[in-house]
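The values are calculated or read from the model by the stated rules, or taken from the named source; none is laboratory data. Since this is a predicted model, take the numbers as computed values, not measurements. Ideal geometry is used to build each Cβ from the backbone, glycine not excepted, and the neighbour counts take in all protein chains shown.
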Amino acid sequence: MGYVKCARGIGHSLVWLSVFCIIANILLYFPNGETKYALEDHLSRFVWYFAGIVGGGLLMLLPALVFIGQEEDDCCGCCGCCGYESYGKRCSMLSSVMAALIGIAGSGYCVIVAALGLAEGPKCSDSHGVWNYTFANTDGQYLLDSSTWSKCYEPKHIVEWNVTLFFILLALGGIEFILCLIQVINGVLGGICSYCYSHQQQYDC
């Protein structure tokens, strides 16, 4: 069934995307490869929301595994429901819709937190050694003016670090969101088509 192959393809893609989200989120804790900024609570507050680890990462693995298992899954056993294999496949496809909704929630969380992290900017030390959110009141305009990034003295290149990784989380979360939305449509269509097919079987008998 084409709907099943589509679901499995989406599932495999989500596994890789979730792994990349987790890696990107972990890197946010170690600017320049150092741990002291995390220990001293000098990281952006949005880093601690675990958007990539939980939202775009671990939470995304659940729908991914459900989608990958679609070819074998059959809610009513290997012979389907009431003697019709398509009944079981229909149940399986519709259950994938629920899993996709979980994925949409997780990826949506990842996108929102990443966007907020980009808008607020990193927590950094200014020329006087004071730690604050230098770009918090710029409404994200600092992203378009790299000449202002030098206002952050420590950690070095923290603006580039945060912008790159939060943007990666934003992009990956957006792709996950789209894939899960596609699976919602795919699952609904697969369930409807299986329903029509099962009725055709009944009439043929």
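Here are a few things to note about the model shown:
- Which listed residue, of Ser198, Ser150, Ser194, is of a type in the set (Ser, Thr, Tyr), assigned to a helix (DSSP H, G or I) and at pLDDT 90 or above: Ser150
- Residue within the range 115-134 that is of a type in the set (A, V, I, L, M, F, W, C), crowded, with 16+ Cβ neighbours inside 10 Å and closer than 19 Å to Ser18 by Cα present: yes
- Tally, over the range 23-49, of residues that are crowded, with 20+ Cβ neighbours inside 10 Å and within 16 Å of Gly117 (Cα to Cα): 8
- Pair list, Cβ < 6 Å and 6+ apart or interchain, from the range 148-175 residues that are farther than 18 Å from Met60 by Cα and in contact (Cβ under 8 Å) with a residue 12 or more places away in the chain to residues that are of a type in the set (S, T, N, Q) and assigned to a loop (DSSP other than H, G, I, E, B): Lys151/Thr134; Cys152/Thr134; Tyr153/Ser127
- Every pair of residues 6+ apart whose Cβ atoms lie under 6 Å, when the first sits in the range 179-190 and is without any contact (Cβ under 8 Å) to a residue 60 or more places away in the chain and surrounded by 16 or more Cβ atoms within 10 Å (Cβ to Cβ) while the second is in a helix (DSSP H, G or I) and of a type in the set (Ser, Thr, Tyr): none
- Scanning the range 129-157 for residues that are among the charged types (D, E, K, R) and over 17 Å from Leu118 (Cα atoms) yields Glu154, Lys156.
- Matching residues, the range 93-124, being at pLDDT 95 or above and hydroxyl-bearing (Ser, Thr, Tyr): Ser107, Tyr109
- Single match in Leu101, Leu165, Leu144 (criterion: within 20 Å of Ala24 (Cα to Cα) and not charged (D, E, K, R)): Leu165
- Residue list for the range 1-51, restricted to those being polar (S, T, N, Q), in a helix (DSSP H, G or I) and either in contact with an Asp or Glu (Cβ under 8 Å, 6 or more places away or on another chain) or modelled with pLDDT under 95 (or both): Ser18, Asn32
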